[in-house]
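J.: Take a look at this one; I'll ask things after.
We did not get these values from a lab; they are worked out from the coordinates using the rules stated. None of the values given here were measured: they were computed from a predicted structure. Counting neighbours? That spans all protein chains shown, and the Cβs are built from the backbone with ideal geometry, glycine included.
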Amino acid sequence: MHDLTDQEFTRFQRFIFDAAGITLSPSKKALVAGRLARRVQDCGLGGFAAYFQLLASGDQPAEVQTAVDLLTTNETYFFREPKHFEALRKSATERPPDGKPFRVWSAASSTGEEAYSIAMVLEDCLGSGRWEVVGSDISTRVLAQARRGQYVASRATNIPAAYLKRFCLRGVGEHEGTLLVQRQLRSHVRFHQVNLNHAVPGTFGTFDVVFLRNVLIYFSPETKRQVVARVLSLLKPGGSFFVGHSESLNGISEAVRATGPAIYRRI
């Protein structure tokens, strides 16, 4: 199979932009080739051009989802950017009681580490039955892992020791070297497939806090504005909105004001 040509790369750039709103820079050409090469072979095709034609035919929606899964970036880990979790605790404990669960949306949840980190904090400071976490992602592959809640033990490095003991089970036997998020905690976390470039399901309801971290960097300015507006429509006034530390909402939305590094409050 020949190398990915510039023309072929341009086609896949357009494909992932249309499917997920993600803008791939020219520097991502090698990444695209590496992630798709095995799939081209598994489909018994002669090259990248033939694979693109398969995706464009409209006859293989499952293969389109597979390609989206392969081309979306899913790097994450437990308790990434710890100060955001300190701010989450503050938001949860200072909210005036209204009898309703404190609801948090992990809007680009990937394999679930962020959603479960949120859940550990809320269970610790609010107690069972007083909170809900919703995780969403465009990739069915990472959502399947998130629902299992099982991870290689090395990914537990940033979990506070007390949380690790309280909320995680260490694998034994054939599962040695892994950890499993406790079933009771998992029961309060729901995962859904959501494309943030489309309307969010009406059943989502509204949220007290939204995490949308380290995903806006892959969007064009106009796509950022549309996605942020869509997500903010589900955040309660006064609710906290977290983005990645390399991201900013300056010039993207006038519906929020900054309250800390990569932390905003909906006006």
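J.: Mind giving me the nanometre distance, one decimal, between the label points for ALA49 and ARG257, set 7 Å out from Cα along Cα→Cβ?
T.: 5.8 nm
J.: Within 12 Å, Cβ to Cβ, of ARG95, how many net charges do the neighbouring residues add up to if Lys/Arg are +1 and Asp/Glu are -1?
T.: On the way: positive: ARG89, LYS90, LYS100, ARG103, ARG130, LYS236; negative: GLU94, ASP98, ASP208.
After counting each charged neighbour, the total is +3.
J.: Then there is this: For Cα extents along the principal axes in Å, the choices are (1) 60, 53, 31; (2) 48, 41, 38; (3) 76, 37, 34; which was calculated from the structure?
T.: (1)
J.: For a quick check: with amide H placed at 1.01 Å from N, whose amide H comes under 5 Å from SER106's, ignoring anything fewer than 5 positions away on the same chain?
T.: Residues meeting the amide H criterion: VAL134, GLY135, SER136, PHE211.
J.: Got a sec to turn the phi values of the stretch 75-81 into Karplus ³J(HN,Hα) couplings, 6.51 cos²θ - 1.76 cosθ + 1.60 with θ = phi - 60°, whole Hz, x for Gly and Pro?
T.: Coupling constants for the stretch 75-81: 6, 7, 7, 5, 6, 5, 6 Hz.
J.: Quick check for me: using +1 on Lys/Arg Cβ and -1 on Asp/Glu Cβ, what's the dipole size of the chain about its Cα centre, in debye to the nearest 20? Write out the running numbers ahead of the final one.
T.: Numbers: 33 positive and 25 negative charges, 156 e Å.
Value, rounded to 20: 740 debye.
J.: Next question. What is the dipole size for the stretch 36-163, taken about its Cα centre, with +1 at each Lys and Arg Cβ and -1 at each Asp and Glu Cβ, in debye to the nearest 20? Working shown, then result.
T.: Working: 14 positive and 15 negative charges, 46 e Å.
Roughly 220 debye for the stretch 36-163.
J.: Please name which of ASN197, GLY171, LEU54 has its Cα lying farthest along the dipole of the chain towards the positive end, using unit charges on Cβ (Lys, Arg +1; Asp, Glu -1) and the Cα centre as origin.
T.: Of the options given, the answer is GLY171.
J.: Please list, in order, the residues from the stretch 118-136 whose amide nitrogen is less than 14 Å from a point placed 7 Å along the Cα→Cβ vector of LYS236.
T.: Residues 130-133 qualify, since their backbone N sits under 14 Å from the label point.
J.: What number, in percent, do you get for the relative contact order of the stretch 6-71 if the mean sequence gap of Cα pairs under 8 Å and at least 6 apart is divided by its residue count?
T.: Numbers: 33 pairs, mean separation 22.0, N = 66.
Once divided by the residue count of the stretch 6-71, the mean separation gives 33 percent.
J.: Here is a further query. Got the relative contact order for the chain handy, in percent, Cα pairs under 8 Å and 6 or more residues apart?
T.: Numbers: 397 pairs, mean separation 43.8, N = 267.
Relative CO of the chain lands at 16 percent.
J.: Same structure, new question: Between ARG166 and HIS198, 0.36 nm times their residue separation minus their Cα-Cα distance comes to what? Don't skip to the answer; put the middle values down first.
T.: Working: separation 32, 0.36 × 32 = 11.52 nm, distance 3.77 nm.
Full extension from ARG166 to HIS198 adds 7.8 nm.
J.: Taking the beta-carbon count within 10 Å as an exposure proxy, list LYS83, LYS165 from fewest neighbours to most.
T.: Values: LYS83 13, LYS165 10.
In order of increasing Cβ crowding within 10 Å: LYS165, LYS83.
J.: Can I ask one more? In deg cm²/dmol and to the nearest 500, what is the mean residue ellipticity at 222 nm of the chain if only DSSP H runs of at least 4 residues count, each as -39500 (n - 2.57), divided by the residue total? Walk me through the intermediate numbers first.
T.: Numbers: 10 runs with 108 residues, N = 267.
The helix-only estimate for the chain comes to -12000 deg cm²/dmol at 222 nm.
J.: Summing Lys, Arg as +1 and Asp, Glu as -1, what charge do residues with Cβ under 15 Å from the Cβ of CYS125 carry, CYS125 excluded?
T.: My count for the surroundings of CYS125 gives 0.
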